[in-house]
Amino acid sequence: MAKKQAVKAKYVFEEVFNARDRAINVNASSAAPTAFKKAETELAKVLALLEVGEDEKATRDVNALRNQYLDIELNSLKRNMLSVAEQALTNAKKNDLADIAPSTMAMAEDEYRLALATIEADRTDTQEANVHANRAIWLVKKAKGIVDIETAFKNANFDVEQKILWYQDQLSQVVKSIDTDVGFNQPNKEVVNKLSAAVANVVEERKTLLTGMESAETKQTQLAKDKAEAKMEYEQAQAQKRADDERFSRVQSMYSPEEANVYRQLNNVLIRAQGFAFKSGSSEIESSNFALLNKIIEAIKNFPGANVMVSGHTDNLGSEELNMTLSQARAQTVANFITQVGLIPKDRVNSSGFGKNKPVASNETVEGRAENRRVEILIIND
């Protein structure tokens, strides 16, 4: 039952609750404590009537209660935002500032009225209202300054000439730091124009200086950024070099001297395998070659994405045509093993035969001819 009544209360008094929330959001309990407490008491009464089923009595003054909270919100906004300006104007009236500075005080009053009108027209436009309120405060302070100067003149019993000399002395003090001749021997209009030009020149020099400083700072920032990027690139290159060195060393350590020699050619790796035991005149892989072939596959897999060139070579025994055909067939056999058993993509593996045309040792000895009968696997990382 209680839950049902709560839902009903929220529905009937939705606009009242919304207005109450707005009042709370502008700190109405502190800004307008008496009015807010009164509205809270009335809200409690009508909610109590709703709980006992007195719906008609409870809803009779809904609009009035909502408007009461809205008025509290508006008054709180005025007090929160305009109280300083209002107090400044009140003090100005007590001190009779309008007697000496009537035009300035009139402008201050206008700005205060604009602030009030802005907040009454749109309670969300607090920014514009603040602009007018702050302008009103500034004008009151200006009026106070005018009165202070007039009071000083009166107390010093200045005549007209002394007032003008005071004004000229003030101008001199203002521009003293920019080292310019005020030139009071000229008409006042020309004095003002000359001083304005001198101040404008200082402002322009300051802008140029700031622009130069900003440019230097930008260059310094860019230099630091470039330095950091260069350092990062260097560290990445060094890390890559260490990784490449480790991979090469790992591949190199896989083979015995009888199986293969491993060479590094910049980023590429050459495996010169003289340990293959092909039957004379045959390209058929012997079972004794499988261990070496598996090592070659493992080496290739250390370089993901690399291309592979398999080349076959023979000694100088036999005809050139036979050696060329044999070297090509042996290279193709090894390439097929790499793609079919090692599952290296075919488009990354090529083969060719060079016969006896690229010896690496003398064909005059048995040992030299054995070295020349080889298969080379070039792992290309470029």
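The values are calculated or read from the model by the stated rules, or taken from the named source; none is laboratory data. Keep in mind the model is a prediction, meaning the values are calculated, not measured. Backbone-built Cβ (ideal geometry, glycine too); neighbour counts: all protein chains shown. Just so you know, the surface numbers come from the protein's heavy atoms only, side chains and all, with ligands and any DNA or RNA stripped out. Shrake-Rupley method; radii C 1.70, N 1.55, O 1.52, S 1.80 Å.
Brief remarks on what is shown
- Over the chain, the alpha carbon radius of gyration divided by the compact-protein estimate 2.2 N^0.38 Å works out to 2.30.
- Converting phi to 3J(HN,Hα) with the Karplus coefficients 6.51, -1.76 and 1.60 and the offset θ = phi - 60°, segment 197-207 yields 5, 5, 5, 4, 5, 4, 4, 5, 4, 5, 4 Hz in sequence order, with x at every glycine or proline.
- Per-peptide average of other Cβ atoms within 10 Å, ordering 256-262, 275-281, 223-229 highest first: 256-262, 275-281, 223-229
- For a straight C-alpha distance cut-off of 26 angstrom, the lysines reachable from residue 219 (same-chain residues fewer than eight places away being disregarded) are 207, 227, 231.
- Residues in segment 83-92 carry Karplus couplings, in order, of 5, 5, 5, 4, 5, 4, 5, 4, 5, 5 Hz; the curve used is 6.51 cos²θ - 1.76 cosθ + 1.60 with θ = phi - 60°, and Gly or Pro positions show x.
- The charge dipole of the chain, taken about its Cα centre with unit charges on the Cβ atoms of Lys, Arg (+1), Asp and Glu (-1) only, comes to about 840 debye.
- Residues in segment 302-312 carry Karplus couplings, in order, of 6, 10, x, x, 6, 8, 10, 10, 9, 10, x Hz; the curve used is 6.51 cos²θ - 1.76 cosθ + 1.60 with θ = phi - 60°, and Gly or Pro positions show x.
- Cross-link partners of residue 356 among lysines (Cα-Cα below 24 Å; sequence separation of 8 or more within a chain): 279
- Ranked by the mean number of other Cβ atoms within 10 Å of their residues, highest first, the peptides 46-53, 202-209 come out as 46-53, 202-209.
- Apolar share of the accessible surface for the chain: 52 percent from carbon plus sulfur atoms, 1.4 Å probe.
- For residue 346, a cut-off of 25 angstrom between C-alpha atoms picks up these lysines, skipping any fewer than 8 places away in its own chain: 295, 301.
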